[in-house]
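The values are calculated or read from the model by the stated rules, or taken from the named source; none is laboratory data. Note that the coordinates shown come from a computational prediction; the quantities given were computed from them, not determined experimentally. In this analysis, Cβ positions are derived from the backbone assuming ideal geometry, glycine residues included, and neighbour counts consider all displayed protein chains.
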Amino acid sequence: MLSKKLLVRFATACLFVCCFVFSGQDALAQRDKIPTDEAIIKNGESLYKEYICNSCHAIDKKLVGPALAGVYDRHDLDWIYSFVKSPGRMIDEGDPQAVALFKEYNMVMPNQDLNNDQILAMLAYVRDAEENPPVTAAPAAEATTDDAGTAQSGGIPTEYFNVIMVTLIVVLVLLLVVLVIIINFVSRYLKDKKDLSSEEKEIVNEKFSITSFLKSPTVIGIVTFLVVTLAAKNVIDGLYTIGIQQGYAPTQPIAFSHELHAGLYEIDCQYCHTGVEIAKNANIPSVNICMNCHSSIKTDSPEIQKLYTAQDTGVPIEWVRVHNLPDLSYFNHAQHVTVGEIECQTCHGEIQEMEVVQQFAPLTMGWCIDCHRNTELNTQGNGYYDKLVEMHNATSKTPMKVADIGGLECAKCHY
């Protein structure tokens, strides 16, 4: 009897071990079905950002939805394909896994118009990001105020000018002290001499008068020079600030946080500002773009209710423009973003860290010209530049800059 019990227990243990091993092998086999080809991963990353999956999901942590790391180990691939395409239908049909996700996060993911290969490519990107997490680089040293001032103004920065003026005043005071010491020394020496004439004695015995000194033409001239110089500097500084709105951060009709959307949720700027890659203007996103997410996210928020009001009434939201160039200047976003591959942060600052957006750069003519003078052209793989690069390298040993291809011509921005 005892041997039968042991046999049953042994068989049960073997069955448990086999189930555990085979389930692990199934999970491993499931992960092995995820491609590791670099081209597929890159395509998956592009799709992941295009469909703003990062607005609700992170790879390694929960956001609005679950973390995506290991999703191919938790769910069958066919189930993932069906759920991504139509999560609402699966919940309505009572699929246990779909219902469990809905109960946990109290939200239905929007249907995604994707085929199986596209979803698999996105899973390839998720697996690559999971297995090769990015290395956090040391923060770069921030530019000093003096450096920023030099790049922005094109003249002598106020800080430098103040240092120069203080230095001049200190030198003048020191010279005055030295002159007083010399006068006292000479006066004592002459007083000890006995063969002085009456006129010489009168000069030697003359008492120093601070009032007479301050009224002297020399002192009046020096003070006048300093006052006129400081006044001229203030006038010049005032002229340089006309039309410059650096630091301007108006209150918007809806408290939209770039720090939350572009920072925490990593939504690409191009998702909301759709014209930035194809048009002159970056354009302000319409309510429809907002509703792609907020039709089901934070619907009870008072700020989000303003979106519903705008949608129901058809009255657009009156956003306050932050960055504004004068009418005499021409600037094309597509040329800089698509062709020049300039990051948004170059002109707009660390926008993903701004709770309230402000104008980061001065957007002056001098600031633009400095950028054209210092920015190197990326000509790799672009046959348009081959002849230009050849001609440039024949006469210069420095990399080709924007200024070398007409970036400083007046008609580029004014016509």
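In table form, for the structure just shown:
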quantity	calculated
Given (1) modelled with pLDDT under 90; (2) part of a loop (DSSP other than H, G, I, E, B), number of the condition Gln252 does not satisfy	(1)
When residues of the range 368-398 are limited to those that are under 29 Å from Leu239 (Cα atoms) and more than 17 Å from the chain's Cα centre (by Cα), the one surrounded by the most Cβ atoms within 10 Å (Cβ to Cβ)	Cys368
Residues satisfying the stated conditions in the range 219-258, i.e. within 26 Å of Gln352 (Cα to Cα) and of a type in the set (A, V, I, L, M, F, W, C)	Ile244, Ala249, Ile254, Ala255, Phe256
Any hit, the range 258-277, residues being part of a loop (DSSP other than H, G, I, E, B), closer than 30 Å to Glu159 by Cα and in contact (Cβ under 8 Å) with a residue 40 or more places away in the chain	no
Pair list, Cβ under 6 Å, 6 or more apart: the range 371-399 residue closer than 14 Å to Val339 by Cβ and hydroxyl-bearing (Ser, Thr, Tyr), other residue assigned to a helix (DSSP H, G or I) and modelled with pLDDT of 90 or more	Thr375/Val402; Thr379/Val389
Condition check for Ser286: farther than 19 Å from Cys56 by Cβ and either outside the structural domain of Lys49 (by TED's automatic domain parsing) or out of contact with any Lys or Arg (no Cβ under 6 Å at 6 or more places or on another chain) (or both)	yes
Verdict on Lys42 being in a loop (DSSP other than H, G, I, E, B) and either out of contact with any Cys (no Cβ under 6 Å at 6 or more places or on another chain) or surrounded by fewer than 19 Cβ atoms within 10 Å (Cβ to Cβ) (or both)	no
Glu318 being closer than 30 Å to His57 by Cα and out of contact with any Cys (no Cβ under 8 Å at 6 or more places or on another chain)	no
Qualifying helices (runs of 4 or more DSSP H) (wholly inside the range 307-415; at least 1 residues being of a type in the set (D, E, K, R) and within 22 Å of Ile242 (Cβ to Cβ))	365-374
Test result for Met90, assigned by TED's automatic domain parsing to the domain that holds Tyr51, at pLDDT below 85, crowded, with 16+ Cβ neighbours inside 10 Å and among the hydrophobic types (A, V, I, L, M, F, W, C)	no
The listed residue being surrounded by 13 or more Cβ atoms within 10 Å (Cβ to Cβ) and within 30 Å of Lys298 (Cα to Cα), out of Gly340, Gly349	Gly349
Leu230 vs. criteria more than 25 Å from Thr167 (Cβ to Cβ) and of a type in the set (A, V, I, L, M, F, W, C)	no
